[in-house]
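The values are calculated or read from the model by the stated rules, or taken from the named source; none is laboratory data. Note that the structure is a prediction, hence the values are computed from the model and not measured. Every residue, glycine as well, gets a Cβ built from its backbone with ideal geometry; the counts of neighbours run over all protein chains shown.
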Amino acid sequence: MYYPYFRGKQFELITIREMATLMADNNFTPIIEPVREALGGLEKTLKAICSAGGRAIVIVNPHHGDHQEDGANISQLLKDGYSCHESIVAGILLRSDMNVEDVLTCYSSHADHHPVFIHAGFSAPKLLVADLASEMKNIKNVFIEDHAKLLYRKHFVSSDRVLVQDGFNRQRNADYPEIEEFSDLHVTYSDLGMSGFGDFLTVGDSYSESGGPAYAVALHLTFIDPDQDDMMYIYHFVSDTKDTPTDPAGKFGQALDKLIKKLNTKRSKLLETSAIKEFRELHAKGHFPGLGYVKKLSMKHHIETLAAYLG
Amino acid sequence: MQASIGDVFDAAFDTLKVAGKRDEYVYRTAISHKILMGTHSLRTASMLNEFRAGSCKADLVVLNGTATVYEIKSERDSLVRLANQVENYKRVFAKVNVIASESHVNGVLSTVPSDVGVMCLSKRYQISTVREALDSPERVCPASVFESLRAAEATSIIKALGRTVPDVPNTRRHAVLRELFIDLDPVSVHAEMVRVLKRTRNLAPLSELVEQLPQSLQAAALSIPVRRTDHDRLVEAVRSPLDAAMAWS
């Protein structure tokens, strides 16, 4: 039912591995867009998903990162096989620069891997549906909300549909409000005729190869508010020091202080997840584990929060 | 003989070098060739590019026995920020120079204090000294120096000056180092800073690459990081004949 969309950088892949069992138990299916040339981390991640009895969608024609010219190595990785062949499926991104023929070629070359369509800017839905005719009802269609609006999605009404919406409003770290709305799709997806929903976690859809030096450090943590019809909100705890690119550890300490202070009010509505426990431990030790690790905790907290709500 | 990619860069540089059109890169090249590699060498001196100093970034810093900053004011630049830049540099480096086009020299002289050196890149691409910079390490501000350095560099300066760094959690580390650092003697801090930076930002490993590149690309090679494994590919690329390069995609 929940389809978190990950760009497969190091800490995204680690997050998926560490969450593999929880996601499998809750019927969550990560969508993974590989962005790094080396596929060892991806392979390890897929193995972890398989042994947890989970599922994943692996994008074979990434839009971002090292495989954007050619996804052949990803296709090969899928072909080389997994014991759980059925549960790791190929995701085909349908982008604005593709025509129906491109889509069909990619579809047939991955036919063994139960391809899923991920609509991300493609502009000929009618032709595609006509060409695939009866097969379409057996194909899962994932829509990236910004690129696939209601009228577009209507073409696929007979198939299994998933809506992915970027709830994360990316800004400069120094500019985040303390709290803002994240998404209500976890409540409303079935009303929209969808069998599932997704998001870009607490990272967002916008892709960057690497962060520059951080003038501010921000912790992004989501919560579901039962007093607001279960709407999901996000807190941004931002360091006070924002005018130099130095001392990320000290800035993390400042942001973490704000999180712990909010938790101690007992009115934060943040779920006491394993990630929150780890933030408490880091606060007690005064330890900064690195920005990638902090991003991992933020993603884990988000997944755990949705698992508790949907489970 | 057939022109190479390198020849094209040299030809472009010659166009850029004409007084009146020169940009920052021409000045950077002049300092790299005539001071860093002329007066000094890559084995004995080092250079920092875009080095943070207070709220500014220093164009070029040459480290030999002392640290000398060169602020470039080409004919394309304005002098609006100069007074503030110079103030910031004086808190970090013992010698501050402004190198300017002939058209800017008078403006620079009336903007900067008398301990700041003024140089001129002439129409004939010669550097002349209008006024010598004073070497005054005693005016540097340890707190400003600290903010310019990496944590490991600051730590080795503190240790070299005989202080012990207590073992604290890493979220507290920067604050603790800073407290120790701001108490140090400015002259000693400056001398140690020069020594540490010459080690941590050493350019000697680049000398082989620089020697193999055309003149026009040498200053770029000293400031733009190129992976070691790509050095040979870069050299090979600039040596390729132009018509072969036209077919590159």
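Below are the figures for this structure:
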quantity: Conditions (1) assigned to a loop (DSSP other than H, G, I, E, B); (2) surrounded by 20 or more Cβ atoms within 10 Å (Cβ to Cβ); (3) at pLDDT 95 or above; (4) not acidic (Asp, Glu); number of the one not met by residue A:190; calculated: (2)
quantity: Qualifying helices (runs of 4 or more DSSP H) (wholly inside region A:198-311; at least 1 residues being modelled with pLDDT under 95); calculated: A:248-264, A:291-310
quantity: Strands (runs of 3 or more DSSP E) wholly inside region A:79-176 containing at least 1 residues that are in contact with a Cys (Cβ under 7 Å, 6 or more places away or on another chain), within 21 Å of residue A:8 (Cα to Cα) and of a type outside the set (Phe, Trp, Tyr); calculated: A:88-95
quantity: Meets criteria (at pLDDT below 95, buried (at least 16 other Cβ atoms within 10 Å of the Cβ) and away from chain A (no Cβ under 14 Å)) for residue B:217; calculated: no
quantity: Near pairs, Cβ below 7 angstrom, 6+ apart or cross-chain, from region B:165-185 (more than 8 Å from every other protein chain (Cβ to nearest Cβ) and closer than 18 Å to residue A:244 by Cα) to any residue that is exposed (fewer than 13 other Cβ atoms within 10 Å of the Cβ) and of a type in the set (Lys, Arg); calculated: none
quantity: Qualifying position, being of a type in the set (Val, Ile, Thr), within 14 Å of chain B (Cβ to nearest Cβ) and either in contact (Cβ under 8 Å) with a residue 24 or more places away in the chain or under 27 Å from residue B:169 (Cβ atoms) (or both), among A:241, A:222, A:265; calculated: A:241
quantity: Some residue of region B:131-148 being within 14 Å of chain A (Cβ to nearest Cβ) and of a type in the set (D, E, K, R); calculated: yes
quantity: Of the criteria (1) more than 9 Å from chain B (Cβ to nearest Cβ); (2) within 26 Å of residue A:16 (Cβ to Cβ), which one residue A:288 fails; calculated: (1)
quantity: Residue list for region B:12-38, filter: closer than 17 Å to residue B:122 by Cβ, of a type outside the set (Lys, Arg) and at pLDDT below 90; calculated: B:19, B:20, B:38
quantity: Among residues of region A:36-78, those that are farther than 15 Å from residue A:11 by Cα, surrounded by 15 or more Cβ atoms within 10 Å (Cβ to Cβ) and among the hydroxyl-bearing types (Ser, Thr, Tyr), counted; calculated: 1
quantity: Selection status of residue A:277, away from chain B (no Cβ under 14 Å), out of contact with any strand residue (DSSP E or B) (no Cβ under 7 Å at 6 or more places or on another chain) and buried (at least 22 other Cβ atoms within 10 Å of the Cβ); calculated: no
quantity: Test set (1) closer than 28 Å to residue A:22 by Cα; (2) in contact (Cβ under 8 Å) with a residue 12 or more places away in the chain; (3) within 14 Å of another protein chain (Cβ to nearest Cβ) - residue A:203 fails condition number; calculated: (3)
quantity: Selected residue [aliphatic (A, V, I, L, M), out of contact with any His (no Cβ under 6 Å at 6 or more places or on another chain) and either at pLDDT 95 or above or surrounded by 14 or more Cβ atoms within 10 Å (Cβ to Cβ) (or both)] from A:124, A:111, A:90; calculated: A:124
quantity: Total residues in region B:193-249, condition without any contact (Cβ under 8 Å) to a residue 40 or more places away in the chain and in a loop (DSSP other than H, G, I, E, B); calculated: 7
quantity: Search result, residues across region B:164-181 that are more than 19 Å from residue A:285 (Cα to Cα) and of a type in the set (A, V, I, L, M); calculated: B:180
quantity: Lone qualifier among A:256, A:270, A:282 - being touching a strand residue (DSSP E or B) at 6+ places or on another chain (Cβ under 8 Å), within 14 Å of chain B (Cβ to nearest Cβ) and surrounded by 16 or more Cβ atoms within 10 Å (Cβ to Cβ); calculated: A:256
quantity: Selection within region B:124-152 - surrounded by fewer than 19 Cβ atoms within 10 Å (Cβ to Cβ) and either part of a loop (DSSP other than H, G, I, E, B) or among the charged types (D, E, K, R) (or both); calculated: B:124, B:125, B:126, B:131, B:132, B:134, B:135, B:136, B:138, B:139, B:141, B:150
quantity: Filter result for residue B:187 (over 25 Å from residue B:24 (Cβ atoms) and β-branched (Val, Ile, Thr)); calculated: yes
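Table: residues versus (1) at pLDDT 95 or above; (2) not charged (D, E, K, R).
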residue: A:3; (1), (2): yes, yes
residue: A:15; (1), (2): yes, yes
residue: A:18; (1), (2): yes, no
residue: A:26; (1), (2): yes, yes
residue: A:30; (1), (2): yes, yes
residue: A:36; (1), (2): no, no
residue: A:56; (1), (2): yes, yes
residue: A:64; (1), (2): no, yes
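For (1) out of contact with any helix residue (DSSP H, G or I) (no Cβ under 7 Å at 6 or more places or on another chain); (2) among the basic types (Lys, Arg), each residue gets a yes or a no:
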site: A:145; (1), (2): yes, no
site: A:152; (1), (2): no, no
site: A:161; (1), (2): no, yes
site: A:175; (1), (2): yes, no
site: A:178; (1), (2): yes, no
